1. Which of the residues belonging to segment 37-67 are of a type in the set (A, V, I, L, M, F, W, C) and either in contact with a helix residue (DSSP H, G or I) (Cβ under 6 Å, 6 or more places away or on another chain) or within 18 Å of residue 1 (Cα to Cα) (or both)?
2. Name the single residue, out of those in segment 59-74 being under 20 Å from residue 35 (Cβ atoms) and of a type in the set (A, V, I, L, M, F, W, C), that is surrounded by the most Cβ atoms within 10 Å (Cβ to Cβ).
3. Please go through segment 1-34 and pick out each residue that is part of a loop (DSSP other than H, G, I, E, B), over 16 Å from residue 61 (Cα atoms) and in contact (Cβ under 8 Å) with a residue 12 or more places away in the chain.
4. Suppose we keep only residues that are of a type in the set (Gly, Ala, Ser) and more than 20 Å from residue 74 (Cβ to Cβ) within segment 7-58. Which one would you say is surrounded by the fewest Cβ atoms within 10 Å (Cβ to Cβ)?
5. For segment 41-69, give me the residue count where each residue is within 18 Å of residue 21 (Cβ to Cβ), in a strand (DSSP E or B) and of a type in the set (A, V, I, L, M).
Amino acid sequence: MRAFVLVRTKPGTSEEVVKSRRIKGVKIANSVLGRVDVILVIEAYTLEEIRNILYEMVEKNPNVVRTETLISITPEAEEE
């Protein structure tokens with residue numbers, strides 16, 4: 001499974017969330033300009049694993065103001 005997480009942080013704190021990319025399952029964590037401050041790409045086998053990663057990375061961070069999680073419904077491409 002793959003989830004795209006859009007994160008809004010308190011001003012000047014987006015890099016704290018990006019540094020959390022060391023958590024297993026987080027494939028990409030980038031600061032961005034626009035409506036959100038950080039975009040995360042998380043890969044896991046189950047929704048429960050995604051929830052646990054989000055808890056560790058986002059919900060425990062006091063600088064996170066708002067999140068939106070988008071779960072991919074496209075099957076993963078098979079490796080050739």
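Every number in this text was worked out from the coordinates using simple rules, so none of it is lab data. Everything numeric here is computed off the predicted structure, so don't read it as measured data. We place every Cβ from the backbone using ideal geometry, glycine too, and count neighbours over all the protein chains shown.
1. Within segment 37-67, the first condition is being of a type in the set (A, V, I, L, M, F, W, C), and the residues that meet it are 38-42, 44, 47, 50, 53-54, 57-58, 64-65.
Result: 38, 39, 40, 41, 42, 44, 47, 50, 53, 54, 57, 64.
2. The residue in question is 64.
3. Here is the first cut: in segment 1-34, the ones part of a loop (DSSP other than H, G, I, E, B) are 1, 10-13, 23-25, 32-34.
From what is left, the residues that are over 16 Å from residue 61 (Cα atoms) are 1, 24-25, 32-34.
Across segment 1-34, the qualifying residues are 1, 24, 25.
4. To start, the set of residues in segment 7-58 that are of a type in the set (Gly, Ala, Ser) comprises 12, 14, 20, 25, 29, 31, 34, 44.
When the remaining residues are screened for being more than 20 Å from residue 74 (Cβ to Cβ), the result is 12, 14, 20, 29, 31, 34.
Numbers: 12: 9, 14: 21, 20: 18, 29: 22, 31: 14, 34: 7.
Per the criteria, the residue is 34.
5. Of segment 41-69, the ones within 18 Å of residue 21 (Cβ to Cβ) are 41-44, 49-61, 63-64, 67, 69.
Now narrow it down to the ones that are in a strand (DSSP E or B): 41-43, 64, 67, 69.
Of the ones still in play, those that are also of a type in the set (A, V, I, L, M) are 41-42, 64.
Adding up the residues that qualify gives 3.
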